[in-house]
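**Student:** Take this structure first; my questions come after.
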Amino acid sequence: MTGIADIKSSSQDAVKREAWRVATAVPDPEIPVVTVKDLGILRSIDLADDGVVVASVTPTYSGCPATRFIEQMVLEALQQAGFENARVETVLSPAWTTDGISDAGREKLRSFGIAPPQKTSNSKRALFGEAMVNCPHCGANDTERVSEFGSTPCKALYRCKTCKEPFDYFKCL
Amino acid sequence: MVPFWREMEKSSDKTLAAIAAKASKEVAYHLRHTSEWVIRLGDGTDESRERMVEALEDMVIYTGELFEKDAIALAAVDAGYAVDAAAFQDEWNHTVNTVLKEATLELPEVGHMQSGGRTGRHSEHLGHILSELQYMQRAYPGMSW
């Protein structure tokens, strides 16, 4: 029994692939150099039983003012690409973590001047809140925390003692 | 309330458990952050210490409500959806006292705790807060931007 079922499933795959391509291109509204996929906010694209595209997103920090905005941006991108009835669903589990930021995303953050979060899993010092943060400008590790909060609550303000530049550090969660 | 969220992760309600797992990580951060400030200000200058003593005297009466429960909370505990916050009072006291000790401060003894928020009985402050929060909507009904 090949035939229609196969074609249907292959076209469904094509739909999913295209929706994934569209959704993954959505930038973070606060740090537009990284996408919602880089940040691990976009979890998956699925097709509901009625064939409608469903994007699953997970909120980052509770109370982040960008959460609703991000959902709206993903929805609008999908609608503009022709997925008129697309839906966005919020997934809470497993909870978002900065460990979910992709390597590409971390590199983009660094070149944007934001020190990416430590990988908590392999840094014991991060566990005790005294992570060694490298300067995103010159790479030196002789840095100090100026304030627990930087340009947004999810970032801390640091200063590099080598190149003297201030910078934001994306905090671990 | 780190222990509260830690235990809520075991809730039989999947959504509540997922929210708790997220909240656990965040409250641990808030506890660290606020502890640092309490220690810095309490064990700081004469001025900062005096203000912290005053702040503790003003605020401690609101901590009792953390461990109160109403009929809804009790029903949620019975159904296995929620945990009884009162069970964490000792752990909370221990955490708070450990930080205060390092900050050279003490939890003031108070005769009574403020109560009523959970049953909708609020103090005068709420009216002022609400009028501030609702100012735009009341001044410009149906506004949008």
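The values are calculated or read from the model by the stated rules, or taken from the named source; none is laboratory data. Treat the numbers as computed from the prediction; the structure is a model and nothing was measured. All Cβ positions, even for glycine, are placed from backbone atoms using ideal geometry, and neighbour counts span all protein chains on display. When the accessible area is computed, the model is the full protein with side chains, heavy atoms only, and any ligands, DNA or RNA have been set aside. Shrake-Rupley method; radii C 1.70, N 1.55, O 1.52, S 1.80 Å.
**Student:** Could you list all residues from segment A:110-128 that are open to solvent by 20 Å² or more (accessible area, probe 1.4 Å), at pLDDT 90 or above and in a loop (DSSP other than H, G, I, E, B)?
**Tutor:** If the condition is that a residue be open to solvent by 20 Å² or more (accessible area, probe 1.4 Å), at pLDDT 90 or above and in a loop (DSSP other than H, G, I, E, B), then no residue fits.
**Student:** Here is a further query. Which of (1) of a type in the set (S, T, Y); (2) touching a residue at least 12 places away in the same chain (Cβ under 8 Å); (3) within 30 Å of A:W96 (Cβ to Cβ) does B:T63 not meet, given it meets every other one?
**Tutor:** With respect to (1) of a type in the set (S, T, Y); (2) touching a residue at least 12 places away in the same chain (Cβ under 8 Å); (3) within 30 Å of A:W96 (Cβ to Cβ), B:T63 is out only on (3).
**Student:** Which residue, of A:E76, A:E30, A:E107, is assigned by TED's automatic domain parsing to the domain that holds A:A156 and either more than 26 Å from A:N141 (Cβ to Cβ) or open to solvent by 20 Å² or more (accessible area, probe 1.4 Å) (or both)?
**Tutor:** Details: A:E76 fails: assigned by TED's automatic domain parsing to the domain that holds A:A156; A:E30 fails: assigned by TED's automatic domain parsing to the domain that holds A:A156.
Of the residues listed, the single one that is assigned by TED's automatic domain parsing to the domain that holds A:A156 and either more than 26 Å from A:N141 (Cβ to Cβ) or open to solvent by 20 Å² or more (accessible area, probe 1.4 Å) (or both) is A:E107.
**Student:** Got a number for residues in segment A:80-98 being free of Cβ contacts under 8 Å to residues at least 60 places away in the same chain and open to solvent by less than 80 Å² (accessible area, probe 1.4 Å)? First the steps, then the outcome.
**Tutor:** In the first step, residues of segment A:80-98 are kept if they are free of Cβ contacts under 8 Å to residues at least 60 places away in the same chain; the result is A:80, A:82, A:84-85, A:87-95.
Adding the requirement that they be open to solvent by less than 80 Å² (accessible area, probe 1.4 Å) leaves A:82, A:88, A:90-93, A:95.
The number of residues fulfilling the criteria is 7.
**Student:** Would you be able to say whether some residue in segment B:66-86 is over 30 Å from B:A21 (Cα atoms) and either of a type in the set (S, T, N, Q) or touching a residue at least 24 places away in the same chain (Cβ under 8 Å) (or both)? Spell out how you get there, then give the answer.
**Tutor:** Going through segment B:66-86, the residues over 30 Å from B:A21 (Cα atoms) turn out to be none.
Among the residues of segment B:66-86, not one is over 30 Å from B:A21 (Cα atoms) and either of a type in the set (S, T, N, Q) or touching a residue at least 24 places away in the same chain (Cβ under 8 Å) (or both), which makes the answer no.
**Student:** Would you mention how many residues in segment B:96-107 are part of a loop (DSSP other than H, G, I, E, B), under 11 Å from B:M52 (Cβ atoms) and in contact with a Leu (Cβ under 7 Å, 6 or more places away or on another chain)? Spell out the reasoning first.
**Tutor:** Start the filter on segment B:96-107 by keeping residues that are part of a loop (DSSP other than H, G, I, E, B), which leaves B:103-107.
Narrowing the set further to residues that are under 11 Å from B:M52 (Cβ atoms) leaves B:103-106.
When the remaining residues are screened for being in contact with a Leu (Cβ under 7 Å, 6 or more places away or on another chain), the result is B:105-106.
Number satisfying all stated conditions: 2.
**Student:** Picking from B:L74, B:L66, which residue would you name as being part of a helix (DSSP H, G or I), of a type outside the set (S, T, N, Q), more than 14 Å from chain A (Cβ to nearest Cβ) and under 19 Å from B:M113 (Cα atoms)? Don't jump to the end; show me each part of the working.
**Tutor:** Details: B:L74 fails: under 19 Å from B:M113 (Cα atoms).
Criteria check complete, one pass: B:L66.
**Student:** Hey, can you tell me all the residues within segment B:21-38 that are touching a helix residue (DSSP H, G or I) at 6+ places or on another chain (Cβ under 6 Å), under 18 Å from A:V146 (Cα atoms) and among the hydrophobic types (A, V, I, L, M, F, W, C)?
**Tutor:** Residue satisfying the conditions is B:V38 alone.
**Student:** Scanning for something more than 16 Å from the chain's Cα centre (by Cα) and in a loop (DSSP other than H, G, I, E, B), does segment A:51-61 turn up at least one residue?
**Tutor:** Kept after step one, since they are more than 16 Å from the chain's Cα centre (by Cα), are these residues of segment A:51-61: A:51-54.
Pick out the ones that are also in a loop (DSSP other than H, G, I, E, B) and you get A:51-52.
Looking through segment A:51-61, at least one residue is more than 16 Å from the chain's Cα centre (by Cα) and in a loop (DSSP other than H, G, I, E, B).
**Student:** Scan segment A:78-104 residue by residue and report those that are in contact with a Pro (Cβ under 8 Å, 6 or more places away or on another chain) and in a loop (DSSP other than H, G, I, E, B).
**Tutor:** A:L92, A:W96, A:I101
**Student:** Which of the residues that make up segment A:147-173 are open to solvent by 70 Å² or more (accessible area, probe 1.4 Å), modelled with pLDDT of 90 or more and either touching an Asp or Glu at 6+ places or on another chain (Cβ under 8 Å) or not in a loop (DSSP other than H, G, I, E, B) (or both)? It would help to see each step written out before you state the result.
**Tutor:** Initially, segment A:147-173 is screened for residues open to solvent by 70 Å² or more (accessible area, probe 1.4 Å), giving A:149, A:151, A:153, A:159, A:161-162, A:164-166.
Of the ones still in play, those that are also modelled with pLDDT of 90 or more are A:159, A:161-162, A:164-166.
Within segment A:147-173, A:R159, A:K161, A:T162, A:P166 meet the criteria.
**Student:** Continuing with the same structure: If I filter segment B:11-47 down to residues being in contact (Cβ under 8 Å) with a residue 60 or more places away in the chain and not in a helix (DSSP H, G or I), which single residue comes out as farthest from the other protein chains (Cβ to nearest Cβ)?
**Tutor:** B:D43
**Student:** Scan segment A:146-166 residue by residue and report those that are farther than 18 Å from A:T98 by Cα and either in contact (Cβ under 8 Å) with a residue 60 or more places away in the chain or not hydroxyl-bearing (S, T, Y) (or both).
**Tutor:** Within segment A:146-166, A:V146, A:R159, A:C160, A:K161, A:C163, A:K164, A:E165, A:P166 qualify.
**Student:** Can I ask one more? Could you tell me whether segment B:118-141 includes any residue that is surrounded by 10 or more Cβ atoms within 10 Å (Cβ to Cβ) and in contact (Cβ under 8 Å) with a residue 12 or more places away in the chain?
**Tutor:** Yes, some residue in segment B:118-141 is surrounded by 10 or more Cβ atoms within 10 Å (Cβ to Cβ) and in contact (Cβ under 8 Å) with a residue 12 or more places away in the chain.
Residue-wise test of (1) more than 14 Å from chain B (Cβ to nearest Cβ); (2) at pLDDT 95 or above.
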{"residue": "A:G51", "(1), (2)": "yes, no"}
{"residue": "A:T60", "(1), (2)": "no, no"}
{"residue": "A:A66", "(1), (2)": "yes, no"}
{"residue": "A:F69", "(1), (2)": "yes, no"}
{"residue": "A:E84", "(1), (2)": "yes, no"}
{"residue": "A:V88", "(1), (2)": "yes, yes"}
{"residue": "A:T97", "(1), (2)": "no, no"}
{"residue": "A:A104", "(1), (2)": "yes, no"}
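**Student:** Which of the numbered conditions does A:A55 fail, given that it passes all the others? Conditions: (1) over 19 Å from B:T15 (Cα atoms); (2) more than 14 Å from every other protein chain (Cβ to nearest Cβ); (3) open to solvent by less than 20 Å² (accessible area, probe 1.4 Å).
**Tutor:** Here A:A55 clears every test but (1).
**Student:** Still on this structure: Going through segment A:129-146 one residue at a time, which ones are small (G, A, S), under 20 Å from A:E107 (Cβ atoms) and either within 11 Å of another protein chain (Cβ to nearest Cβ) or open to solvent by 60 Å² or more (accessible area, probe 1.4 Å) (or both)? I'd like the intermediate steps shown before the answer.
**Tutor:** Taking segment A:129-146 and keeping what is small (G, A, S), we get A:129, A:131, A:139-140.
Next cut, under 20 Å from A:E107 (Cβ atoms) only: A:131, A:139-140.
Those that are small (G, A, S), under 20 Å from A:E107 (Cβ atoms) and either within 11 Å of another protein chain (Cβ to nearest Cβ) or open to solvent by 60 Å² or more (accessible area, probe 1.4 Å) (or both): none in segment A:129-146.
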